[in-house]
Amino acid sequence: MADTEKERVFQEDDFVLIQENKRVTDTKLETKPTTFLKDALRRFRKNKASVAGSYILGILILLTIFVPMLSNANITTVRTVEAFLAPKLFEAGTGFWDGTRKYTRVVYDKEQEIPALTEKYSAAAIKAALVKITVDPEPTKIDAANPYGEGGVVVVATDAAIDNKNALLSSKTTVFDTSEDYKLDVVFKNEEGVSNSKLGEYAVYLKAGEDQILLRDFSRDYSTLSVNLSEALRSAGMDSVRGQVVFEVKSSAAGLQYILIESAVLSADSSASNVEELAQISFTDATEFINVSDINNLSYWSCTGRKGIHDSLIYYCDYVLDTYALVYGDADLVTYSASELNSWIEAGYCTYDYKVGPESFVKLTDDCPIDEVEDQAIMGITKKLSSITARGWGYHKLGYDKMPKFLFGTDMSGFDLFKRAFAGLRTSLILGLCTAAFCFSFGLVWGSVSGYFGGNVDIWMERFCEILGGVPWIVVMTICILHLGNNFFTFVLALCMTGWIGTAAGTRTQFYRFKGREYVLASRTLGSSDKRLIFKHILPNSLGTIVTSSVLMIPSSIYSEATLAYLNLGLQGRQSFGVMMSNNQPYLAVYPNLVIFPAVVMALMMISFNLFGNGLRDAINPTLKGSE
């Protein structure tokens, strides 16, 4: 039964010839023949990230070439007046990239109704540049003297030393006599806990040489003191003295003692000869008194202990300032020589007749740096024009035809950060390209020989690499710079001395990987030379991995130069990205654009090189030929 079933399984009817009546021939390939380069480009295009990286890299390289060539912005002449301008792309007031800066908690000048800025700019120029300002509705109390503060109380304090006399006294003596009605009015303030200290005992007296006329003995009476000094002189049996008012605080072993004085006013009848002198010694505003107390005049009061201020009132404001309008806006009156005016007339910028006067000025073109003439000066003997006083736009004075815009802003020297960044990047990029070209070529040859021959050749070559690689690159760089100077050639030489070791190690590894493969052995059997085996069979298959690390040599060299710039060993005599970043770093907290924008450029360069290298690795890898 089992044999019958087996025969049925293998019956002829169970088999069917599917091509019995069909002619089988070779078919034409549907795909077109291609070269290695075309296939590599096709694979590279399929990697979208690498394509995007290559576009970014191409744009950056074009900018490094053409921005320094085409831009007329200044990166050579120091112009401090143009320093720290904000980045500007749009017009002021748009709120974004418009050349304005926002400032918070800035002291407010109530008298001129502007933020308390440097005296470099006039109040009118600051007002014209203000885009927005918000002043605190209530003042803030501070314990410090400020030119824009007001009110408060004077703090007179003593140290803990028992034998130390501490007093506030007018440094200028003045005459007090009984023929006039001299008075002293002092307002004290009773407040504990100022500067974590205690109110102390004090005395007030009129000092005349060795004589002292007591006006209030040591006590803790902080009520208003009103004394008729003329009567005090009569009571002391004196007609007239030249003296000074003294506030003395008693020392205490318990710690710091103080008194608070709101005002101290010396007065006399209008007929007294020293009324004005008394007014200058007196003070009613503690903040004003402290502000002028460092000046050696009649308002000066000396203190043998400690003198300060408490609860001075000051206003703060937040504001938005158009930095370009402040620097390039309507300038104050400026004096120009007759020769300057004549040069503008000869150039056809304006006309002027000094015999008629300022009203004869006519501006013909926008190239003229002045808008109107306010006054003129005539030489006494020759009766010719000496100079004119005129008003004009600031950007004309600096040689601009119109108000400039700086995309990245300006640095501390007034240099255009956009142009300087790409001018420096061009130098750094050339440095990286030169370094990478040498390191890649030399490392490729060194690693190929070491990895192909192996044995003793490989051992000696590897030991040399280990010795050379054991020396820190920054030490090598520093020695080269100290002996050869901070020039371009020195940087290339120093970076190339050890930069090729990584490429050589990668190449050696790849050669050990591929030199035992069947196609290499077959080629050697057919009589191929070592040179052909290295450069025709092994090296092309190794390039994929090697290229990726080699491409990153360029940004790595740029980073190395930037690192040395932070050690004051950067390139000298030419624009450099690292030197620029090093110079801008101290201003990071105040003007972050000086570091952020160049850092973004550097980051884009690094990322694009990385993406480009990854795509290039896959594109030139022969093992991926024909793959999707």
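The values are calculated or read from the model by the stated rules, or taken from the named source; none is laboratory data. Since this is a predicted model, take the numbers as computed values, not measurements. Cβ placement follows ideal geometry from the backbone for every residue including glycine, while neighbour counts extend to all protein chains displayed. Side chains are part of the model used for accessible areas, which takes the heavy atoms of the whole protein and leaves out ligands, DNA and RNA. Shrake-Rupley method; radii C 1.70, N 1.55, O 1.52, S 1.80 Å.
Here are a few things to note about the model shown:
- Within the range 603-628, residues that are closer than 23 Å to PHE577 by Cα reach partners that are modelled with pLDDT under 80 with beta carbons closer than 7 Å, at six or more positions or on different chains, in the pairs PHE609/VAL551; PHE609/LEU552; ASN610/LEU552; PHE612/VAL551; GLY613/VAL547; GLY613/THR548; GLY613/VAL551; GLY613/LEU552.
- Considering only residues in the range 377-394 that are over 44 Å from the mean Cα position of the chain (by Cα) and assigned to a loop (DSSP other than H, G, I, E, B), the one that is surrounded by the fewest Cβ atoms within 10 Å (Cβ to Cβ) turns out to be ILE381.
- Residues of the range 213-257 that are in contact (Cβ under 8 Å) with a residue 60 or more places away in the chain and of a type in the set (D, E, K, R): ASP239, ARG242, GLU248, LYS250.
- From the options LEU444, LEU482, residue that is open to solvent by 80 Å² or more (accessible area, probe 1.4 Å), of a type in the set (A, V, I, L, M, F, W, C) and either free of Cβ contacts under 8 Å to residues at least 24 places away in the same chain or within 30 Å of LEU533 (Cα to Cα) (or both): LEU482
- Among the residues of the range 563-573, some residue qualifies, meaning at least one is at pLDDT below 80, open to solvent by less than 20 Å² (accessible area, probe 1.4 Å), in a loop (DSSP other than H, G, I, E, B) and not polar (S, T, N, Q).
- Count - residues of the range 171-214 that are part of a strand (DSSP E or B) and closer than 26 Å to SER251 by Cβ: 18
- Taking the criterion of being surrounded by fewer than 19 Cβ atoms within 10 Å (Cβ to Cβ) and more than 10 Å from the chain's Cα centre (by Cα), the only residue of the range 574-585 that qualifies is ARG574.
- Filtering LEU543, LEU533, LEU616 for residues that are over 25 Å from LEU431 (Cβ atoms) and not in a loop (DSSP other than H, G, I, E, B) leaves a single hit, LEU533.
- Of all residues in the range 221-271 being under 17 Å from LEU168 (Cα atoms) and open to solvent by 50 Å² or more (accessible area, probe 1.4 Å), the one that is modelled with the highest pLDDT: GLU262
- Residues located in the range 586-613, provided they are of a type in the set (S, T, N, Q) and open to solvent by less than 50 Å² (accessible area, probe 1.4 Å): ASN593, SER608
- Of residues in the range 281-295 being modelled with pLDDT of 80 or more and farther than 17 Å from LEU313 by Cα, the one least open to solvent (accessible area, probe 1.4 Å): ILE281
- Any hit, the range 84-95, residues being under 25 Å from GLN575 (Cα atoms) and assigned to a helix (DSSP H, G or I): no
- Residue selected from the range 362-376 under the condition within 14 Å of VAL334 (Cβ to Cβ) and surrounded by 13 or more Cβ atoms within 10 Å (Cβ to Cβ), by the criterion farthest from the chain's Cα centre (by Cα): GLN376
- If you go through the range 122-143 and keep only what is touching a residue at least 40 places away in the same chain (Cβ under 8 Å), open to solvent by 50 Å² or more (accessible area, probe 1.4 Å) and assigned to a loop (DSSP other than H, G, I, E, B), you end up with just ASP143.
- Screening the range 171-201 for residues that are within 15 Å of GLY308 (Cα to Cα) and modelled with pLDDT under 80 and picking the one that is least open to solvent (accessible area, probe 1.4 Å) gives SER195.
- Among residues of the range 144-170 being of a type in the set (D, E, K, R) and not in a strand (DSSP E or B), the one that is modelled with the lowest pLDDT is ASP163.
- If you filter the range 328-361 down to residues that are under 30 Å from GLY95 (Cα atoms) and in contact with a helix residue (DSSP H, G or I) (Cβ under 6 Å, 6 or more places away or on another chain), you find that the one that is surrounded by the fewest Cβ atoms within 10 Å (Cβ to Cβ) is GLY329.
- Matching residues in the range 345-369 - criterion: being closer than 20 Å to THR382 by Cβ and either among the aliphatic types (A, V, I, L, M) or touching a residue at least 60 places away in the same chain (Cβ under 8 Å) (or both): ILE345, VAL356
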